[in-house]
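See below for the structure under consideration.
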Amino acid sequence: MSVDEKKQLRLCFVTIGATAAFNSLISACLEPRFLESLSGAGYTNLLIQYGKEGKAIFDKITSEIKTTKKMELVITGFDFNHSGLDKEMGAAKGGPNDLQGVVISHAGSGSILHALRISVPIIVVPNPDLLDNHQVELAEELESQGYVVHGKLNNLPAAILESEELRKRSLGWPPVNSGRHGRAADLAGVMDEEMGFLD
């Protein structure tokens, strides 16, 4: 196969974060309907950061997928990357020889801001198992402002379609009305700005 004939990589990167288990997101991203929606949208790879507790469920479902049917979608996963997720987020962003993909993330502010800063479409899925869960409010607000797709565990295929629309109307981060604070280099600075805690 020549270089010209080689299929371009298009990655869907899923992260559940570093602190809380989110097995329902892992399962939702491995459902046949979701995998078919990814393939139908031209995705070639699915990479799942499943955390410490998610390996068993990831291994169980992917082994079932491999025995039931041949998938053109390459599915891989890992537990935790101590050096951060720059490489994985960058791969979802796509390069000169690859197509831009998507990030599906728990609704943790660090993961969301990382994807926004590199301008890769992001589907934010709140974890319903967390106590005092403010993730839904964050996902809804960022979606209302046009920055993310608020994904739901029971309807991720629709979120993939919505992410394609988001890509077309993508807004830059930080917002244009940020003034001098728009250059805040750290998470605390950006969050202060978004919450209106600036002088």
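Each reported figure results from applying straightforward, stated rules to the coordinates on display, with no laboratory input. Computed from a prediction, not measured in an experiment: that's the story for all the values here. No Cβ is skipped: glycine too gets one built from the backbone with ideal geometry, and neighbour counts run over all protein chains shown.
A cut-off of 5 Å between modelled amide H atoms, ignoring neighbours fewer than 5 places along the same chain, links V14 with L47, I48, Q49, I104.
Only one residue of I65, S105, F34 has its Cα farthest out toward the positive end of the dipole of region 11-168, where Lys and Arg carry +1 and Asp and Glu -1 on Cβ, and that residue is I65.
Protection proxy ranking for 34-47, 9-22, using the average of other Cβ atoms within 10 Å per residue and placing the highest first: 9-22, 34-47.
Here the convex hull built on the C-alpha positions of region 11-168 has a volume of 106 cubic angstrom per residue. Each Lys and Arg Cβ is given +1 and each Asp and Glu Cβ -1; about its Cα centre, region 11-168 then shows a dipole of about 500 debye. Per-peptide packing, taken as the mean over residues of other Cβ atoms within 10 Å, places 155-165, 55-65 in the sequence 155-165, 55-65 from highest down. Reducing region 90-134 and region 20-77 to their Cα centroids gives an inter-centroid distance of 17 Å.
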